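Every number in this text was worked out from the coordinates using simple rules, so none of it is lab data. Quantities reported herein were computed from a predicted structural model and do not represent experimental measurements. Glycine gets a Cβ as well: all are built from the backbone with ideal geometry, and neighbour counts include every protein chain shown.
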Amino acid sequence: MQRYSPFDEFDRFFDRMSRGFDRPATARTEIAVDVAVSDDGFVVTADLPGFERDDIDLTLDDAVLTLTAERHHATDEHDDGAYLHRERRSASIQRRITLPNVVDREATHASYHNGVLTVTLPKLVSDDTDGHRIDID
């Protein structure tokens, strides 16, 4: 006869929860973002591994930063034949970040290095609200 333990439910719960972590890293559908704040403004840092600088588009409308990244991989066969296993695929992801203050759109700048995008957004005292595209260095 098997004895019941109150910890059996915990074991089953953690088994169910851990199954979601077995997905491949390429299945990510969201951009991981950190937003740091200071007296001068904001610094947004986003992980975008596997994307080229030209695959990334940044726009700023009022206090909303929109980050879009899109890449395409050919779906045809490999030069030596068909694929046995394939996880690299086309991807299109987007993230909108609402900032608590309007920022100085003319002073914003962005850089992209080793799969990490860094966007610096100085705070603005006036309320200039036209949309603005941010170039990436």
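Spin-label point model (7 Å from Cα, Cβ direction): what's the ILE136 to TYR83 distance in nm?
2.2
Using R₀ = 35 Å, calculate the FRET efficiency as 1/(1 + (r/R₀)^6) where r is the Cβ-Cβ separation of ASP11 and ASP61; round to 0.05.
Working: r = 49 Å, r/R0 = 1.39.
Approximately 0.10, to the nearest 0.05.
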